[in-house]
Structure formats: structure tokens, C-alpha cells
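Quick one: this structure, given as C-alpha cells, is what I'll be asking you about.
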Amino acid sequence: MAAARARRAGASLLWAAVRHRSSQSSSPQPGLVAKTSLTSPPWPEVKLPDPVEEAKYHAEVVQKVNGLIAAGQYGRLFAVVHFASKQWKITSEDLIMMDNVLEAECGDRIRMEKVLLVGADDFTLIGRPLLGKDLVRVEATVIEKTESWPKVNMRFWRRHNYQRKKIIANPQTVLRINTIEIYPCLS
């Protein structure tokens, strides 16, 4: 009985050594990994630019844009403003009709301060999230305050003598964009 146990223990040690040797011989070299779809991402590797060169390029672009703004050679400006819970793409002399009550009276000039983006022919300034008040100035005039065309909300149950009619007219305000001005204080 003891001899059988010793034989089994010797055989298991022998098989363990054979398995260990066979696993070592079939594995690849430690520095070499097979190229599969899981060893590298499917997109190409991106090389990041040198921070010094990037700062130099940034300074050149800022200087060029400031020069264009100072000379006034940028053409017609457009802007994206956040106003009345919506974003509006506007240029000068545009009309905006919004469905809400504005506290200003007809003829009042207002300034839109939440400017998200300003663009021209050769450049676009994007705020993160907003552009500064000292960089961009967008002014508008309240043209008209009125109500929308009436909408009829009708509820009706047939054979129940149930009819309910509600007429909805929402307040509306019309704005005219007067000017979009930009100042050369980009940093």
C-alpha cells in the first residue's frame, strides 16, 4: 500500500515536470507578443505634438487673428448666442422671434452677454463655454411684442356629451440684431 502511494507520488511529480517543460518550450519569447486584434487598438496611434512648438504656433495664430481684428479685415461676423433657453446663430440685421415674455419694452436696446461662438471669413473664436464680455459685444433691439396665432386644444369623447375647448395664445417677442462687435484683446 505504501509502495503504491509512493509510485503515484513519483508519477505525479514526473507529469508535473513534463507539463512544466512543455509549457515553457511552446510559449513565445518573453519580449515577443503575437500581433492580434486584441494586442493593439483598432485606431492608429496618435503622436502628440511638442508642447514648445504648439505654444509657438498658438502665439502666431493669436497674433494673426488680433491683427485681422485690429485692421477690421474680417468681413461679416456671425455669432452663436444663448438667449431665452435656446441657442441662436445670428448675424447683424437678423430678426429673432422667440416664444416668451421679455421684460424690455418695444424700442429698448438689449445686450446679449452669453456668446458661445463668433466667426468671420478667416477665423472662428469658440468659447469654453462662453466668450468674454470684453471680447465680443452683441446688441439687439426689441421690435415687437405680440401673441402667437391661437392654437385650439379640443378634447372630445363621443357619445358622452363631453367637449372641452381651450384656445392657447403664447406671448412672442421679436428682436432685431443691431451689431456684432469684436475687440482685439485675444490672449
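What is the sum of charges, Lys and Arg at +1 and Asp and Glu at -1, for the other residues whose Cβ falls under 13 Å from the Cβ of LYS166?
Cβ neighbours under 13 Å give a net charge of +4.
Can I ask one more? Between LEU186 and VAL46, what length in nm is gained on full extension when 0.36 nm per residue of separation is reduced by their alpha carbon distance?
On the way: separation 140, 0.36 × 140 = 50.40 nm, distance 2.94 nm.
In short, 47.5 nm is gained.
Using Cα positions and a limit of under 25 Å, work out the lysines in reach of LYS35, with same-chain residues fewer than 8 apart set aside.
Output for LYS35: LYS47.
Then there is this: About its Cα centre, what dipole magnitude does region 147-187 give when the only charges are +1 on Lys and Arg Cβ and -1 on Asp and Glu Cβ, stated in debye to the nearest 20?
760 debye
Quick check for you: with a 1.4 Å probe and neighbouring chains kept, what is the accessible area per residue of region 146-187, in Å²?
Details: 3400 Å² over 42 residues.
The answer is 81 Å² per residue.
Cross-link candidates for LYS151: which lysines have Cα within less than 27 Å, leaving aside residues fewer than 8 places away along the same chain?
The reachable lysines, counting only those whose Cα sits under 27 Å from LYS151, are LYS86, LYS165, LYS166.
Same structure again: Each residue of region 125-134 in turn: what ³J(HN,Hα) in whole Hz from Karplus with 6.51, -1.76, 1.60 and θ = phi - 60°, glycine and Pro shown as x?
Listing the rounded values in order: 9, 10, x, 10, x, 10, 7, x, 5, 7 Hz.
How large is the accessible surface of MET98 in square angstrom, using a 1.4 angstrom probe and rounding to the nearest 10?
Counting only protein heavy atoms, MET98 exposes about 10 Å² to solvent.
Separate question: What distance in nm lies between label points placed 7 Å from Cα along the C-beta direction at LYS114 and GLU93?
So the label points at LYS114 and GLU93 sit 2.9 nm apart.
What span do the alpha-carbon atoms of region 75-187 cover on each of the three principal axes, reported in whole Å from largest to smallest?
71, 29, 22
The values are calculated or read from the model by the stated rules, or taken from the named source; none is laboratory data. None of the values given here were measured: they were computed from a predicted structure. Cβ sites come from the backbone with ideal geometry, for glycine too, and all protein chains shown count toward neighbours. Surface accessibility is based on the protein's heavy atoms, side chains included, excluding ligands, DNA and RNA. Shrake-Rupley method; radii C 1.70, N 1.55, O 1.52, S 1.80 Å.
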